[in-house]
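**Q** Structure in structure tokens, see below.
Taken together, the values in this text are just the output of simple stated rules run on the coordinates, not laboratory data. As the structure is a prediction and not an experimental result, all values here were calculated from the model. Cβ sites come from the backbone with ideal geometry, for glycine too, and all protein chains shown count toward neighbours.
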Amino acid sequence: MKNIIKKYSFYTLLTVLILTVQKNYAINPNKYVTNSTTKGSFPIVSKGKIASILVSDNDFAGVLRVSGHLENDLYKVTQLHPNRLQNTNQETENVIIIGTLGHSAIIDQLVKEGKINATELTGKWEKFSTQIVENPTKNIKRALVIVGSDKRGTIYGMYDLSNQIGVSPWYFWADVPVKKQSELHVLPGIHTLGEPKVKYRGIFINDEAPALTGWVRENYGKFNAKFYDKVFELILRMKGNYLWPAMWSEKFYADDSQNGILADEYGIVMGTSHHEPLAKAHGEWNKAINGEWDFNKNPEGLKKFWTDGMQRMGTKETLVTIGMRGDGDEPMTEGTAIELLEKIVKTQREIISNVTQKPAEKTPQIWALYKEVQEYYDKGMQVPDDVTLLLCDDNWGNLRKLPELNAKPREGGFGIYYHFDYVGGPRSYKWINTNQIERTWEQMHLAYEHGANKVWIVNVGDIKPMEFPIEFFLDYAWNPEYWNTSNLQDYYVQWATTNFGVQNANAIAEILKMYSKYNSNRKPELLNPSTYSIIHYNEAENVVADYNKLAEKAQAINAKLSPEYKDAFYQLVLYPVLASANLNEMYVSAAKNNLYASQGRAATNQYADKVKTLFDKDAEFTAFYQNTMANGKWNHMMSQTHIGYTNWQDPKTNIIPQTNTISIPEKAEMGIAIEGSTKWWPNSTEVTVLPEFSTFSNSVSYIDIFNRGSKSFNFTISTKSNWIQISKRKGTIDQQERIIVKINWKIAPKGIQTSEIIISGAGKTIPVSIITNNILGNNAVGFVENNGYIVINAENFSSKSEPEDFKWEVVENLGKSSAGVISLPIQKGRVALTDNSPKLSYNVNFQKAGKVKVHLYFSPTINYSTREGFYYGLSFDNEKPTQINYSSEPNIFDYNGKVPKYWDKNVSDNIKVITTEFDIQEGNHTLNYFRIDEGLVLQKIIIETEKSNLKQSYLGPPQSLNIKN
């Protein structure tokens, strides 16, 4: 401690401690602005006085513009207008001095006088520092100096201060209110975020009709500079720097000549999408004027078109897209025309060089290996080393290709094009947020570890409603080394705190976490009445109950919120939860209606009405969002259709699920239905048997007693077995009632027993058989077989082996179960499969010997490497492990033909299942899962025996009983 005190002053140490523990913000978890003064702090506002602002006139125009934003932010928070100083001659007590190193006379003078150390900023990319300087000039007593290494560095420094005083990046785009504060003090020390780890970080506004397009048309007339002013500001407040603009029918440079000028002023690096070469929007191509979009047939027309784009770009900071796809974002040719595309790229680079009057490599360029274009690269197409190779996901958040871990460095490096929104197969998804930040983290961490760190850009559709994952993506891009498995869940709380305050932050964080998880289980556009089972594992009921619990929690928070927070809460939390819960309940209600109609239940028509009510409620939620919330500010923004998809393309209008109505006779008639069957009794001639009860699962089952008439009837249930527990033994049935059946294992007979219960009503008597399996012995250890199968969530391993520097990491909330498990570090790459390899072990118990099928449930990761196979190992006990190829299927991305069905199923289900068979003996065993290749995400294990009674369902049965030593 003495050494520390010698090295640091007391107050510097205090600052370090404060910055270490106060973690309230997302991208910058260190809070350096407080509401009370401490020794050495700088008063931005105190006792009714606010610091002045001073910026050199010779600084960048964008810096001057954003300094005005900072002034406005200070006013929003404090209700005081900062005085804007013209120079340093005016005697002032406290001043916020803002400037860019080498572009600000004031800053350069402070450097010259030794009052600022420029060493840590000189030559840095987008770095800023914020620090207190005593007596910066003879007329200024104290200053808070925000200095940037370059234009964006200075802008980030200002927006970072705005964030610190409580202005959310979403103050406009999601109406997040600004909390009024009368005391704001900056702690002493040098506050900086350093340089970003990913150089270019941005978003792609895509698929902007009908939602964003309708909103823009109403508010701005077109996608002009007034609109993009809001977009540029949003990106910079989140410390992004890169944009692909709206492109379907929009033309960024042609629609408004001020668009490009304003982007350059702000310091936004512009690009064009993967199929729009040389800064020309595809919407600018007019076949009648320009000719065919075909380089073989019309090279001169294309060269002129691209030359015009480069000339218009001028000196504006741009990542120039090169390459070519077919007209309308389609494949350019059948097959892989490498020679043709190489010729096109060569021509494009000649145009770049001719227009810029400098070597082509001096202009940053990017080639997107999107869809079939990746095949060109895979088959050997060469591009110059200075071109950034933009690798892509499969449009569903699964990276298709990454640099090899031992790849030779490229001057242009590698980037990633990712998706939060998509139009295409197997279904378009663009209505609501369905993205888990855990999956985004896992895939982008994989990319970063493989060296894809030059460019990260994400397709965000209409911007809204992707607010939460957008900010995470850009936060993570700034510093991928900060967020990891140990603190990733904190992001939810920090984001909720930033936008809604501390009081409800934990509860809001849980809602954000769970609704995005539920929506990622099955994207809304893929839902239909048959998605979730209504007869097995209580699956559909549980899905509806889970969503509705979230909705209740969100509504309870909304009721407690101050009025100024309600608009933001509806947009960011309440609407996504209410609308998603409603949608799932509607589809489940339609499924029940269809089943009940087949059984003649009196409740059939009620469920048809319920579907109609829920369908109408969806429209009501949308209408409130667009017409009432925020006084109609966001009209059109939720106009995306999302109900009634039958193929990849969205329907023109929402289509209500098909329901049935039946004629119900007056006379009462009893029917019963049981768990696990669509049949009903006494109509069925099969014996009525509930699913087997077992001590291994302590299961619960149900019987539905229903009326097939309109008059009510009385029922009774009797049994001679006192160990059968029935939730209700008598009552009156108007339409239907669910009876819960349990077993009291303390008094149930040992072994396998068959008993029955008798249900009587409306003149009928129906026996229901009950089979119990009470043979649990003291020697069973681990997850115990029940009904012929074992279910294990991957994070519940019995033990793990982590040789050398290897680690098994549990990623909480990743995937469809409670967590996913990954092996780190990624950079270790492939390891040889031996008994001493990194492994997870799961203790299991089998009731009988025989063949078993081990199903491993993985996140639908794609083999992103050129090396052969994508491997892991499996074994039981001490047997030699078997090497298994996760990606044994043929090429999954033949975009010139039909996409293979298994990929369609994997991304639709958001899971990939690999099955391996073993012979096993009765008793206790250990299943071992070994790392070979990096990058696999294990979510769940299901082991089926030859006697398996595993039922078909979407999410599968619950986890098996785990008996520990």
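**Q** Quote the FRET efficiency, to the nearest 0.05, computed for Glu342 versus Leu405 with a Förster distance R0 of 25 Å and r equal to the Cβ-Cβ distance.
**A** After rounding, the FRET efficiency stands at 0.35.
**Q** Please work out the FRET efficiency for the pair Gln606 and Gln725, using the Cβ-Cβ distance as r and a Förster radius of 22 Å; give the result to the nearest 0.05.
**A** Once the sixth-power term is evaluated, E becomes 0.15.
**Q** Using the Kirkwood radius over C-alpha pairs as Rh, can you work out the diffusion coefficient of the stretch 507-632 via Stokes-Einstein at 20 °C, viscosity 1.002 mPa s, in µm² per second?
**A** Answer, rounded: 139 µm²/s.
**Q** Taking neighbour counts of Cβ atoms within 10 Å as a proxy for exposure, in what order, fewest first, do Glu300, Glu265 appear?
**A** The most exposed by this proxy come first: Glu300, Glu265.
**Q** Within the chain, which whole H helices from DSSP have a Cα span along their axis of at least 30 Å and a mean Kyte-Doolittle hydropathy of -1.0 or more, if any?
**A** 539-560, 575-599
**Q** Also, I was wondering about something else. Taking neighbour Cβ counts within 10 Å as the exposure measure, how do Val811, Val700 sort from fewest upward?
**A** Going from sparsest to densest Cβ surroundings: Val700, Val811.
**Q** Which whole-percent values make up P(r) of the stretch 905-961 when all C-alpha to C-alpha distances are grouped in 10 Å steps starting at zero?
**A** 13, 48, 33, 5
**Q** For Thr34 and Thr754, what does the FRET efficiency come to when R0 = 51 Å and r is the distance between their Cβ atoms, rounded to the nearest 0.05?
**A** According to the calculation, E is roughly 0.10.
**Q** In addition: Placing one identical point scatterer on every Cα of the stretch 670-774 and ignoring solvent, what is log10 I(q)/I(0) from the Debye formula at q = 0.14, 0.18, 0.25 Å⁻¹?
**A** Log10 I(q)/I(0), no solvent term: -0.51, -0.83, -1.45.
**Q** Which one of Asn163, Thr88, Thr122 is farthest out on the positive end of the charge dipole of the stretch 22-186, using unit charges on Cβ (Lys, Arg +1; Asp, Glu -1) and the Cα centre as origin?
**A** Among Asn163, Thr88, Thr122, the one farthest towards the positive end of the dipole of the stretch 22-186 is Asn163.
**Q** For the chain, what is the Kirkwood hydrodynamic radius in Å, using each pair of distinct C-alpha atoms?
**A** Roughly 31.3 Å, rounded to one decimal.
**Q** Here's a follow-up. Restricting attention to the stretch 714-745, which chymotrypsin sites (Phe, Trp or Tyr not before Pro) occupy a DSSP loop and are surrounded by at most 16 other Cβ atoms within 10 Å?
**A** Trp745
**Q** Now, a different point. Reachable lysines from Lys358, Cα under 26 Å, same-chain residues fewer than 8 places away excluded?
**A** Correct list for Lys358: Lys124, Lys151, Lys199, Lys280, Lys303, Lys304, Lys316, Lys343, Lys346, Lys454.
**Q** What does the extension gain come out to for Ile747 and Asn117, with contour length at 0.36 nm per residue minus their alpha carbon separation?
**A** Roughly 218.8 nm would be gained on extension.
**Q** Okay, next question. Looking at the stretch 782-963, I'd like the Rg to Rh ratio, where Rg is from alpha-carbon atoms and Rh is Kirkwood's inverse mean 1/r.
**A** With Rg and the Kirkwood Rh in hand, the quotient comes to 0.96.
**Q** Most exposed first by the Cβ proxy, i.e. fewest other Cβ within 10 Å, how do Leu74, Leu950 rank?
**A** Neighbour counts put them in this order, fewest first: Leu950, Leu74.
**Q** Suppose only helical runs count, i.e. DSSP H with n ≥ 4. What mean residue ellipticity at 222 nm does that imply for the chain under -39500 (n - 2.57) per run, divided by all residues and rounded to the nearest 500 deg cm²/dmol?
**A** -9000 deg cm²/dmol
**Q** Taking the radius of gyration and the Kirkwood hydrodynamic radius from Cα positions alone, what is the Rg/Rh ratio for the stretch 22-186, to two decimal places?
**A** Computed over Cα atoms, the ratio is 0.94.
**Q** Once you have a ≥ b ≥ c as the square roots of the Cα gyration tensor eigenvalues for the stretch 139-201, tell me rounded if a/c is under 1.5, and otherwise prolate or oblate according to whether a/b is larger than b/c.
**A** Cα axes put the stretch 139-201 in the oblate bin.
**Q** Can you pull a Stokes-Einstein diffusion coefficient for the stretch 442-563 at 4 °C (1.567 mPa s), Rh from Kirkwood over Cα pairs, as a whole number of µm²/s?
**A** It diffuses with D of about 77 µm²/s by this estimate.
**Q** Same structure again: So which trypsin sites (Lys or Arg not before Pro) in the stretch 916-965 end up in coil per DSSP with only 14 or fewer other C-beta atoms within 10 Å?
**A** Lys947, Lys964
**Q** Which trypsin sites (Lys or Arg not before Pro) in the stretch 781-866 sit in a loop by DSSP (not H, G, I, E or B) and have at most 14 other Cβ atoms within 10 Å of their own Cβ?
**A** Lys848
**Q** Work out the length of the dipole vector of the chain about its Cα centre, built from +1 on the beta-carbon of each Lys and Arg and -1 on the beta-carbon of each Asp and Glu, and round it to the nearest 20 debye.
**A** 2100 debye
**Q** So which aspartates and glutamates pass the test for Lys764, namely a Cα distance under 19 Å, with those fewer than 8 places away in the same chain ruled out?
**A** Glu666, Glu669, Glu686, Asp704, Asp734, Glu737, Glu756
**Q** Using +1 at the Cβ of each Lys and Arg and -1 at the Cβ of each Asp and Glu in the chain, identify which of Asn722, Ala630, Tyr596 lies farthest towards the dipole's positive end.
**A** Asn722
**Q** Next question. Charges at C-beta only: +1 for Lys and Arg, -1 for Asp and Glu. How large is the resulting dipole of the stretch 670-774 about its Cα centre, in Debye rounded to 20?
**A** The calculation lands at about 300 debye.
**Q** Modelling each spin label as a point 7 Å along the Cα-to-Cβ direction, I'd like the Asn219/Asn683 distance in nm, to one decimal.
**A** Each label point is offset 7 Å from its Cα along the Cβ direction, giving 5.3 nm.
**Q** Run the quick spin-label model on Lys549 and Asn836: label points 7 Å from Cα toward the beta carbon, then report their separation in nm to one decimal.
**A** Simple spin-label model gives 4.6 nm for this pair.
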